[in-house]
Amino acid sequence: MTTLPTGKRILITGGTGQVARPVAEALAEHNDVWCLGRFGAEGVEAELAGKGITTWHWDMDDLSGDSLKGLPEDFTHVLHSAVRRGEDGDFNAVAEVNAVAAGRLMEHCRTAESFLYVSTGALYARQTLDHPYTESDPVDGVADWLPAYPVGKIATEGAVRAFARVLGLPTTIARLNIAYGPGGYGGVPMLYFKRMLAGEPIPVPREGQNWCSLLHTDDLVAQVPALWRAATTPARVVNWGGDEAVGITDCVRHLEALSGIEARLVPSDVTRETYRFDPALRMSLTGPCRVGWRDGIRRTLESLYPEHVRN
């Protein structure tokens, strides 16, 4: 497994989120880490500062780039995880804001050794539920559960590829699967568990089950340095998920066994679609994961909902 870098100046966006915050906190111990964002949640900026992280107010909606003025330009590594997801359904705004923000950031950090953009597997054209998606599979940006989201990611990947070539900036585009772990809200598995606690229905396919490649926080953090080292010009695209194929229904059943709480699985035409990744390319770059999904789910549940874990 990769050793975390030391003595670097690192810029991270989305540093208050499920993906980037654990990375920022892990790297801050031996590096000069800056987090960019709006920091709307009360106390979060002070929490990051308490970890030795420098914060800088940056709004992705600022298409002029003025909010980057005065920010140092000598970062050695960049992790761009911030995203406008598009819950309002404004496809044009999602495409423009995300693509322009990424371009502005890459231009500002054009001398960096490596730029890592966090994309998504949700942009792949849907095939069979258990299809192992590879980096060369076709994309279409269709996601009934959040329609604008993958469209914004496709637009931003285009901008990132263009700026990587124009600036000669070594870049990795990592298409993330489902990240989960004890930090933040716990990831998608814990969203399902909250539904279980509330007795709410969990939509599942009418036949079969959705499959994914769960990636525990510990493995995500450990793999970031390898993805930085893998950066190339033109940009390298890699699927970023765990080693194991995981059925979502199987995951929910595991949560039932751990907690004794019953899940209301309801067959539906519209579900939160997930994607199983072929891990071959990512494993060649980062090595194998260390956290198995069953143990990872148990540890996450014990951390966030200890009162609901069976002895």
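The values are calculated or read from the model by the stated rules, or taken from the named source; none is laboratory data. These numbers come from a predicted model, not from an experiment. Note that we place each Cβ from the backbone using ideal geometry, even for glycine, and neighbour counts take in every protein chain shown.
Identify all residues within segment 21-41 that are among the small types (Gly, Ala, Ser) and either surrounded by fewer than 23 Cβ atoms within 10 Å (Cβ to Cβ) or over 16 Å from Ala226 (Cα atoms) (or both); write none if there are none. Answer for segment 21-41, where residues must be among the small types (Gly, Ala, Ser) and either surrounded by fewer than 23 Cβ atoms within 10 Å (Cβ to Cβ) or over 16 Å from Ala226 (Cα atoms) (or both): Ala26, Ala28, Gly37, Gly40, Ala41. For beta carbons closer than 9 Å, sequence separation of 6+ or different chains, a first residue in segment 35-53 that is outside the structural domain of Phe75 (by TED's automatic domain parsing) and a second that is surrounded by 15 or more Cβ atoms within 10 Å (Cβ to Cβ) and at pLDDT 95 or above, there are no qualifying pairs. Looking across Leu258, Leu301, one residue alone is touching a Lys or Arg at 6+ places or on another chain (Cβ under 8 Å), crowded, with 18+ Cβ neighbours inside 10 Å and either small (Gly, Ala, Ser) or over 23 Å from Gln127 (Cα atoms) (or both). It is Leu258.
Across segment 153-176, which residue is farthest from Val238 (Cα to Cα) among those that are among the β-branched types (Val, Ile, Thr) and surrounded by fewer than 22 Cβ atoms within 10 Å (Cβ to Cβ)? Before you say what the answer is, go through the steps one by one.
Residues of segment 153-176 that are among the β-branched types (Val, Ile, Thr), as a first pass: 154, 156, 160, 166, 171-173.
Now restrict to residues that are surrounded by fewer than 22 Cβ atoms within 10 Å (Cβ to Cβ): 154, 166.
Numbers: Ile154: 14, Val166: 21 Å.
Residue satisfying both the conditions and the ranking: Val166.
Of all residues in segment 133-159, those that are among the polar types (S, T, N, Q) have Cβ atoms under 6 Å from Cβ atoms of residues that are part of a loop (DSSP other than H, G, I, E, B), 6 or more apart or on another chain, in Thr134/Asp278. Determine whether segment 49-56 contains at least one residue that is among the basic types (Lys, Arg) and closer than 30 Å to Val142 by Cβ. Checked segment 49-56: no residue is among the basic types (Lys, Arg) and closer than 30 Å to Val142 by Cβ.
Return yes when Ile261 is at pLDDT 95 or above, in contact with a Cys (Cβ under 9 Å, 6 or more places away or on another chain) and of a type in the set (Val, Ile, Thr) and no when it is not. Lay out the reasoning, then the answer.
Working: at pLDDT 95 or above: yes; in contact with a Cys (Cβ under 9 Å, 6 or more places away or on another chain): no; of a type in the set (Val, Ile, Thr): yes.
Considered against the rule, which asks whether it is at pLDDT 95 or above, in contact with a Cys (Cβ under 9 Å, 6 or more places away or on another chain) and of a type in the set (Val, Ile, Thr), Ile261 comes out as no.
Picking from residues in segment 124-151 that are surrounded by 16 or more Cβ atoms within 10 Å (Cβ to Cβ) and among the aromatic types (Phe, Trp, Tyr), the one that is nearest to Pro279 (Cα to Cα) is Tyr133. Residues in segment 274-290 that are buried (at least 21 other Cβ atoms within 10 Å of the Cβ) and either without any contact (Cβ under 8 Å) to a residue 40 or more places away in the chain or in a loop (DSSP other than H, G, I, E, B) (or both): Thr274, Tyr275, Pro279, Cys289. Looking at Thr13, Thr55, just one residue is surrounded by 15 or more Cβ atoms within 10 Å (Cβ to Cβ), touching an Asp or Glu at 6+ places or on another chain (Cβ under 6 Å) and not charged (D, E, K, R), and that residue is Thr55.
Taking every residue in segment 119-131 that is assigned to a helix (DSSP H, G or I) and pairing it with any residue that is modelled with pLDDT of 95 or more, at least 6 positions away or on another chain, the pairs with Cβ-Cβ distances below 6 Å are Gly121/Arg175; Gly121/Asn177; Gly121/Tyr275; Leu123/Val139; Leu123/Lys153; Leu123/Ile154. Regarding Leu11, is this residue in contact (Cβ under 8 Å) with a residue 40 or more places away in the chain, out of contact with any Gly (no Cβ under 8 Å at 6 or more places or on another chain) and either in a loop (DSSP other than H, G, I, E, B) or over 14 Å from Val118 (Cβ atoms) (or both)? Considered against the rule, which asks whether it is in contact (Cβ under 8 Å) with a residue 40 or more places away in the chain, out of contact with any Gly (no Cβ under 8 Å at 6 or more places or on another chain) and either in a loop (DSSP other than H, G, I, E, B) or over 14 Å from Val118 (Cβ atoms) (or both), Leu11 comes out as no.
Looking at segment 266-311 only, could you name the residues that are of a type in the set (Asp, Glu) and either modelled with pLDDT under 95 or touching a Phe, Trp or Tyr at 6+ places or on another chain (Cβ under 8 Å) (or both)? Please lay out each step first, then the result.
Taking segment 266-311 first, the residues of a type in the set (Asp, Glu) are 269, 273, 278, 295, 302, 307.
Once the filter is applied, which keeps residues that are of a type in the set (Asp, Glu) and either modelled with pLDDT under 95 or touching a Phe, Trp or Tyr at 6+ places or on another chain (Cβ under 8 Å) (or both), segment 266-311 yields Asp269, Glu273, Asp278.
Inside segment 77-120, residues that are under 27 Å from Thr6 (Cα atoms) and basic (Lys, Arg) make up a count of 2.
For segment 91-112, residues that are among the polar types (S, T, N, Q) and either assigned to a helix (DSSP H, G or I) or under 15 Å from Val151 (Cα atoms) (or both) total 2.
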